[in-house]
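For reference, the structure is listed below as structure tokens.
Each value in this text was obtained by applying a stated rule to the coordinates, not by laboratory testing. This one's a predicted model, so the numbers in the text were calculated from it and none came from an experiment. Backbone-built Cβ (ideal geometry, glycine too); neighbour counts: all protein chains shown.
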Amino acid sequence: MTAPNFSSESVLQTLNWRYATKLFDASKKIPADTWSALEQSLVLAPSSFGLEPWKFFVVDDPAVRQTLLEASWNQSQVVDASHLVVLTIKTGLNEADVDRSMARTAEVRNVPLESLEGFSNTIKGFMKSIPDVDQWSTRQVYIALSQLMTSAALLGIDTCPMEGFMPEKYDEILGLPEKGYHAVVVCAIGYRSEEDKQAQRAKVRFPLEDKVQHI
């Protein structure tokens, strides 16, 4: 597979263009092929041990999104953005999930399942050593969120990551506990409104030398 050929300038220009969009243009929808690429970016997100302790729920139903609005402190992004993704963890990740991951690895790489036994035991041992597996899974979800947002920016699509919502209410509205999942973070995705003044404001960051140190 050939490596992509983005210039340093184009990558930095894209990251400077990206911001947490507060007002979306509700009349603009992401084309199907572009959205498919963004879904694939989630599937391709890295996770520790490749366990993928998550699931991503795309809320298509406008009525459901309207119901989620109140559980999001009435932030308009929830209903105005082209797409809304609820990033969730699989609650109570356990050895059966590790076994499922190993079976998938053996299938895709065409190797004997037995050859993965050592790796599988390492993962299971790690999982027993951590005090809260759901907290570990939650940290993994933010890796996927970051990949989604960067991929969207490279495609000229706006995003707004949102922690300002009531996870338990989302769980209830979307029926997540019955499916074995719990809402962690939400991402509204679409196109910025011309009325969003945030788009014109300078990006505020401390200088590089304050945040990056070579040792």
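So if I place +1 on the C-beta of Lys and Arg and -1 on the C-beta of Asp and Glu, and nothing else carries charge, what would the dipole magnitude of the range 39-82 be about its Cα centre? I want it in debye, nearest 20.
I would put it at about 120 debye.
For residue 49 paired with residue 215, estimate the spin-label separation in nm (one decimal), with each label point 7 Å from Cα along the Cα-to-Cβ line.
2.9 nm
May I ask for the angle, rounded to the nearest 10°, between helix 8-17 and the longest principal axis of the chain, with both axes built from Cα atoms and the value confined to 0 to 90°?
Value to nearest ten degrees: 60.
Among 64, 59, 86, what is the fewest-to-most ranking by other Cβ atoms within 10 Å?
With the sparsest Cβ surroundings first, the list reads 64, 59, 86.
Taking a virtual spin label 7 Å from the Cα of residue 135 along the C-beta vector, which residues in the range 67-103 bring their backbone nitrogen under 16 Å of it?
Hits in the range 67-103 for residue 135 at 16 Å: 92-93.
Can you work out ³J(HN,Hα) from phi for every residue in the range 180-185, in order, using Karplus 6.51 cos²θ - 1.76 cosθ + 1.60 and θ = phi - 60°, giving whole Hz and x for Gly and Pro?
Those phi angles translate into x, 10, 9, 5, 10, 8 Hz.
Where does the chain land at 222 nm, in deg cm²/dmol rounded to the nearest 500, when only DSSP H runs of n ≥ 4 count, each adding -39500 (n - 2.57), divided by all residues?
Per the formula, -14000 deg cm²/dmol.
The range 109-208: which GluC sites (Glu not before Pro) are DSSP loop and have at most 15 other beta-carbon atoms within 10 angstrom?
For GluC sites (Glu not before Pro) across the range 109-208 that sit outside H, G, I, E and B with at most 15 neighbouring Cβ atoms in 10 Å, the list reads 163, 194, 195.
What is the extension gain from residue 2 to residue 108, computed as 0.36 nm multiplied by their sequence separation minus the C-alpha to C-alpha distance, in nm to one decimal?
Using 0.36 nm per residue and subtracting the Cα-Cα distance, I get 36.1 nm.
What share of the DSSP beta bridges in the chain is antiparallel, in percent to the nearest 5?
95 percent
What's the exposure ranking of 25, 132, going from fewest to most Cβ atoms within 10 Å?
Fewest to most other Cβ atoms nearby, the residues stand as 132, 25.
Which of the residue pairs 55/211; 179/211; 29/169; 29/197 have a Cα-Cα distance greater than 31 Å in the structure shown?
Violating the 31 Å Cα-Cα cut-off are 55/211; 179/211.
Net charge near residue 18: determine it from the other residues with C-beta under 14 Å of the C-beta of residue 18, scoring Lys and Arg +1 and Asp and Glu -1.
Residues near residue 18 contribute +3 overall.
Which one of 159, 193, 204 is farthest out on the positive end of the charge dipole of the chain, using unit charges on Cβ (Lys, Arg +1; Asp, Glu -1) and the Cα centre as origin?
Result: 204, furthest along the dipole toward the positive end.
Run the quick spin-label model on residue 60 and residue 155: label points 7 Å from Cα toward the beta carbon, then report their separation in nm to one decimal.
1.6 nm
Match the structure shown to one of the listed values [x] 54, 48, 32; [y] 58, 45, 36; [z] 64, 45, 26 of Cα extents along the principal axes in Å, computed from it, and give that label.
Entry [y].
Cα axis of helix 117-129 to longest principal axis of the chain: angle in degrees, 0 to 90, nearest 10?
Between the helix axis and the principal axis of the chain, the angle is about 60 degrees.
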